[in-house]
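A.B. asks: Please find one structure pasted underneath; my questions will follow.
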Amino acid sequence: MNSHSSRCRTSTPLWKRGATPLHLLVASIGVGLVLRYSLLAIAASAAELLEAALPVRSSTLISIGGIVSIETSHLLAMGAATAFAIALHWLFTRTRTGKAMRATASNPVLARVSGINIYAIRRTTWLIGGGLAGFAGFVYAYYYYVNPESGWLMLLWIFAAATMGGFTFYGSIISGVLLGLAEQVISFLANMYLGLSTAYAPVIALVALIIVLMYRPEGVIRLESLSLRRRA
């Protein structure tokens, strides 16, 4: 009987065993590391860079002092990001599933008592998040070389933007845009006046992340739409 209970407990998902979001985050990273290096151990010799050519020739639309420029090839990423942001806003404010997601994220115990199937909501959230991450990887391949390590290299920017935005939907979007602009401007100026290579650009996101965690761990831009609160 004890062995049966032990097996059942071992096979129970972490969130049903009282795991916090931090536990789930660490566990997800751990599982990802195991899967990644297992695949590399099996097929490391077959790993290659992937280059996806743009279907049209890119030309500059807007240039600000030669520091920040917007090209026609950027319209794909900008359009997709805008479309998905609008779609997610509609999901969170106009659908029962979206409102259940917000309730579960805010207070899972109260949401469960209110009749929300928080386990189904969490599975749906992971499914949507995974789909968006997959599409982001597809778009990313249009601009840069990609390899099995590319996704992990993006985690620094993703986590920095989410932390600066207080892990809120709108705050993370604005933080991501501001962080990207700051990285481009600072790396350009550092290269021009100090001779530093632009390869050090990721250090900017790392420094921003460290400063936020030290002085404002709750986030710098915790932007939550008032309309969300009124419709909750």
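Bear in mind these aren't lab numbers, they're just calculated from the coordinates by the rules spelled out. This one's a predicted model, so the numbers in the text were calculated from it and none came from an experiment. Backbone-built Cβ (ideal geometry, glycine too); neighbour counts: all protein chains shown.
A.B. asks: Assuming R0 = 35 Å, can you tell me the calculated FRET efficiency for the pair LEU206 and ALA80, based on Cβ-Cβ distance, to the nearest 0.05?
C.D. replies: Calculated transfer efficiency: 0.85.
A.B. asks: Would you work out which of THR72, ALA105, TYR145 lies farthest towards the positive end of the dipole of segment 70-146? Charges go on Cβ: Lys and Arg +1, Asp and Glu -1.
C.D. replies: ALA105
A.B. asks: Quick one: putting +1 on the C-beta of Lys and Arg, -1 on the C-beta of Asp and Glu, what dipole do you get for segment 70-146 around its Cα centre, in Debye to the nearest 20?
C.D. replies: Using Cβ point charges on Lys, Arg, Asp and Glu, segment 70-146 gives about 520 debye.
A.B. asks: What residues have an amide H closer than 5 Å to that of VAL220, excluding those fewer than 5 places away on the same chain, when H is modeled at 1.01 Å from N in the peptide plane?
C.D. replies: Here GLY165, GLY166 satisfy the definition.
A.B. asks: Rounded to whole Å and sorted largest first, list the principal axis extents of the Cα atoms in segment 154-232.
C.D. replies: Principal axes ranked by extent give 52, 22, 20 Å for the Cα atoms.
A.B. asks: Which percent of the Cα-Cα distances in segment 70-131 go past 20 Å?
C.D. replies: Working: 713 of 1891 pairs.
Considering segment 70-131, 38 percent of its Cα-Cα pairs are separated by more than 20 Å.
A.B. asks: Now a separate question. How many nm separate the modelled label positions at LEU189 and LEU110, each set 7 Å beyond the Cα in the direction of the Cβ?
C.D. replies: Once both label points are built, they end up 4.3 nm from each other.
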